[in-house]
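Colleague: Have a look at the structure that comes next, please.
Each value in this text was obtained by applying a stated rule to the coordinates, not by laboratory testing. The structure displayed is predicted, hence computed values, not measured ones.
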Ligand code: IDP
Ligand code: MG
């Protein structure tokens, strides 16, 4: 059993895709074990995406994440980390495999609807960033 952190980003919430994202996870035998909607401040977004602090897109990415409400969730299951990444598709919707969330709904490499932890290490930073153990079922 693995746990991963997923986010429906502000563009996904705006496009009414919360249910669709959750449905795709659940259809693939993954369970939602924690879930909430919140607004991330610019400063919090900078902390969440600290691994990207030296990237050219860091400023615009963290502004984007804080521009509207997001839905954050902990997703659990066998190989949950790679499974969620597969369901999401490649970072750039143009390169994402057909039928993935990003291919179906993403606008561009930044506005790509959804986040998923990319490794056990990042999941173990990202899950407690948003949830206490008491909030995870
Ligand atoms: P990932 O979300 O597929 O793991 P990362 O490389 O970790 O992709 O980048 C984090 C987020 O930063 C992406 O989901 C996307 O929103 C944004 N991003 C990534 N690369 C670029 C870029 O070249 N330009 C603008 N935004 C980017
Ligand atoms: Mg990433």
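Colleague: Taking 0.36 nm per intervening residue step and subtracting the Cα-Cα distance, what contour gain separates residue 129 from residue 79 on full extension?
Modeller: Between residue 129 and residue 79, full extension yields an extra 15.9 nm.
Colleague: Identify which of 123, 97, 80 has the largest mean-square fluctuation in a Gaussian network model of the chain, with springs joining Cα atoms closer than 10 Å.
Modeller: So, out of 123, 97, 80, the one fluctuating most is 97.
Colleague: Same structure again: Percent relative contact order of the chain, based on C-alpha pairs within less than 8 angstrom and at least six residues apart?
Modeller: Over the chain, the number comes to 36 percent.
Colleague: Given springs between every Cα pair under 10 Å in a Gaussian network model of the chain, which of 14, 53, 42 has the largest fluctuation?
Modeller: Fluctuation is largest for 53.
Colleague: Just subtract the alpha-carbon distance of residue 23 and residue 97 from 0.36 nm times their residue separation and send over the number in nm, one decimal.
Modeller: 24.8 nm
Colleague: Quickly estimate the mean residue ellipticity at 222 nm for the chain, helices only: each DSSP H run with n ≥ 4 gives -39500 (n - 2.57), and the total goes over all residues, rounded to 500.
Modeller: -10500 deg cm²/dmol, from helical runs alone.
Colleague: Using just the Cα positions, wrap the chain in a convex hull and report its mean projected area in square nanometres, one decimal place.
Modeller: The Cα convex hull of the chain, projected and averaged over all directions, gives 7.5 nm².
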